[in-house]
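Enquirer: Quick one: this structure, given as structure tokens, is what I'll be asking you about.
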Amino acid sequence: MSCAAFKWYVPFLKITVEHLSWNPWKIFLLSGGTATAFPYGYVMWGIFLPFTYLCHLTENSIYVGYGLTLLVVDISLLFTLKNLFQATNRTILITYWLSPIILCATYWLGFNDLIPVT
């Protein structure tokens with residue numbers, strides 16, 4: 001997983017699933033976190049919440065929940081593109097999985113831009 005995920009996103013998600021609140025950013029700031037750790041809104045937080053909360057309940061790493069969320073969104077986008085375009089499965093798979101935006105931005109740099117794109 002990426003540096004951004006380790007440094008900012010997952011610590012924010014960890015604190016907010018341990019202390020669920022209607023204002024997770026306030027809870028995170030009160031726990032000593034920085035305001036720039038999760039610069040997204042409620043929709044993005046809500047998308048990450050199910051898997052991260054499930055991992056919290058089952059005492060698994062929140063990193064697993066973060067990664068599962070990205071994987072599910074990644075696969076959802078793949079199926080969306082498959083249904084939008086009249087290309088062969090092989091062509092869509094090759095162009096999608098080898099896309100530098102998908103590989104580098106999501107899995108290496110840790111940007112969550114895949115979620116609004118989907």
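Enquirer: Based on a Kirkwood Rh over C-alpha pairs, give the Stokes-Einstein translational diffusion coefficient of the range 25-64 at 4 °C and viscosity 1.567 mPa s in µm²/s.
Expert: 116 µm²/s
Enquirer: Modelled label-to-label distance, Lys26 and Thr95, 7 Å Cα→beta-carbon offset: nm?
Expert: Taking the simple label geometry, Lys26 and Thr95 are separated by 4.8 nm.
Enquirer: Another one. How much length is gained on full extension from Thr118 to Leu84, taking 0.36 nm per residue of separation minus their Cα-Cα distance?
Expert: That pair, Thr118 and Leu84, stretches by 11.0 nm at full extension.
Enquirer: Mean Kyte-Doolittle of at least -1.0 and a Cα length of 18 Å or more along the axis: which whole DSSP H helices of the chain meet both?
Expert: Both cut-offs are met by 42-57, 62-84.
Enquirer: Quickly rank 69-77, 81-89, 10-18 as a protection proxy: mean count of other C-beta atoms within 10 Å, highest first.
Expert: Top of the packing list down: 10-18, 69-77, 81-89.
Enquirer: Would you list, by chain and number, the aspartates and glutamates whose Cα falls below 13 Å from the Cα of Lys82, excluding same-chain residues fewer than 8 positions away?
Expert: Answer for Lys82, where 13 Å is the Cα cut-off: Asp74, listed by chain and number.
Enquirer: Ok, one more. Mean residue ellipticity at 222 nm from the helices of the chain, using -39,500 (n - 2.57) per DSSP H segment of n ≥ 4 over the full residue count, to the nearest 500 deg cm²/dmol?
Expert: -17500 deg cm²/dmol
Enquirer: Could I ask something else about it? Dipole magnitude of the chain about its Cα centre, charges +1 at Lys/Arg Cβ and -1 at Asp/Glu Cβ only, in debye to the nearest 20?
Expert: In total the dipole reaches around 140 debye.
Enquirer: When the Kirkwood radius is taken over all Cα pairs of the chain, what Stokes-Einstein diffusion coefficient follows at 25 °C and 0.890 mPa s, in µm²/s?
Expert: 162 µm²/s
Enquirer: Length gain on complete extension for the stretch Val43 to Ser61, per 0.36 nm per residue less the alpha carbon to alpha carbon distance?
Expert: 4.3 nm
Laboratory data are not the source of any read-out in this text; all were calculated from the coordinates shown. Just so it is clear, the model here is predicted, and its values are computed rather than measured. Heads up, the Cβs are rebuilt from the backbone with ideal geometry, glycines too, and the neighbour counts pull from every protein chain shown.
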